[in-house]
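J.: Structure in structure tokens, see below.
Just so it is clear, none of the values below were taken in a lab; they were calculated from the coordinates. Just so you know, these numbers come straight off a predicted model, no measurement behind them.
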């Protein structure tokens, strides 16, 4: 049974899960070549482990749950570059105080269908989920909703947010800037970001 009373079944030994997670994490600098450890871990057990690790690092329980869900969901959908491989980076940022454990967010309306969310330097998934919820509410009022986000961090897989709009029979769109890691043709150093985007149109075919 977990800390919040949920039944977790028979989770693997924590040390085994840690070895599996850290084994994947070693490929962080080569994200397209994820390490294979041979460990088979249930999604529920892995999510519980991620949540406990984030809480232990200092993130609050609600935020840890959101981040853990997003990481495991990415792995389940085959997007391993934005799955549990990111956990060690997030843990370091929480411990260093870069990610605030319980961010105070503020929404500033800028028009009938637009707003800016000041994320209080919270975890990217926490801020992003709030932003999508606000955009959905704006869309209910105006037919479309657009929320820009500042004071946030790496938010993982963009599709995790756009799929939330589908649950409300809406089209979901999420875009982000990125670090200057891509060199233009003929350039000697990085100048452009990968600038990811996700658009979800259909809940089920």
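J.: Largest first, please: the extent of the C-alpha atoms of region 106-200 along each principal axis, to the nearest Å.
T.: 48, 27, 23
J.: What is the P(r) of region 59-112, as percent of Cα-Cα pairs per 5 Å bin from 0?
T.: Per 5 Å bin, starting at zero, the Cα-Cα P(r) for region 59-112 comes out as 4, 18, 20, 20, 14, 11, 8, 4 percent.
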